[in-house]
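To start, the structure itself, in C-alpha cells.
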Amino acid sequence: MSKSIEDVIRKILKGDARKNALDLVDHLRAGEESGDFSLGKLNEGDENFWIARTKGENVCCILLNGENPDSFTVWVCGDHIGEGAGVAVGERIKEVAWAHVFGPCGGHGCGCSRESRYKSIFGKHFDDVCTAQLTVAMQFENPGDETLDCMKRIIDIRKGDIRQTA
C-alpha cells in the first residue's frame, strides 16, 4: 500500500518542520473537494518528493529530506503568479514572494544547466529564474509560521491563476 504524504511527514520530520509541513498539506487538501486538485508523488518510487496540481498544472512541489528531520522544502511553480486573479495582495505577501524567487540556474545548487527564464510575480519582473524542470518560481526552505502563512496565500493565488486561465 502506498503511503500518504502525511504518513511520510510523520515518519521523516520532527518538531516545527513536522507541524508546519502537516499544516501546509492540510491547507492544500482543503482544495481537493473541487475535483480539479491532486497531491501525489512526483515519481512513484520516491516517497520524499511530492507535487500538487490544479487542472493538471503544477502548483507546488514538496521535498521531505530524509537526511535532515528538521527541514523540508517547498517550491511554488508558475511563470506568472498573481497576474490575472484580480485579487488584492498585501505588501507583506509580495515581499515574502519576491524574497524567495528561485535564483539563476546553477546558483543555488540545482545542478541543472537549463536556460534561466522570465517570471512575473505580483507585478514584479524577474529575468534570471531557474526553470528547474517544473516551472519553479519560488523556493521556501523550512518555512516558519509567518512565512508559511504567506506561502499558503501565494499557493492559493497560484491555484486561482490556473483556474482562471484553464
For the stretch 52-101, alpha-carbon Rg and Dmax in angstrom | 13.6, 41
Simple spin-label estimate for ARG10/TYR118, 7 Å along Cα→Cβ, in nm, reads 4.7
Could I have the simple spin-label model distance between LYS19 and ASP128, label points 7 Å from Cα toward Cβ, reported in nm to one decimal?
-> 3.8
Under 5 Å between amide H atoms, partner at least 5 residues away or on a different chain: which partners does MET138 have, H built in plane at 1.01 Å?
-> VAL76, PHE102
Quick one: Kirkwood hydrodynamic radius for the stretch 1-65, alpha-carbon pairs, angstrom, one decimal?
-> 12.1
Report the full-extension gain for the segment THR165 to ASN43: residue separation times 0.36 nm, less the Cα-Cα distance, to one decimal in nm.
-> 41.2 nm
Please list the non-local residues whose amide H lies under 5 Å from the amide H of ILE81, H modeled 1.01 Å from N, same-chain partners needing a gap of 5 or more.
-> SER120, ILE121, PHE122
Beyond 23 Å (Cα-Cα) in this structure, taken from LYS41/LYS119; LYS94/LYS159; LYS55/LYS94, we find LYS41/LYS119; LYS55/LYS94
For LYS14, the lysines lying under 19 Å Cα to Cα, once residues fewer than eight places off in the same chain are dropped, come out as LYS3
Stretch gain in nm, segment GLU95-LYS3, where the contour uses 0.36 nm per residue and the Cα spacing is subtracted = 29.6 nm
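Bear in mind that the values in this text are calculations on the coordinates, not laboratory data. All of these numbers come straight from a predicted model, not from anything done at the bench. A quick note on method: Cβ atoms are made from the backbone with ideal geometry, for glycine too, and the neighbour counts reach across all protein chains shown.
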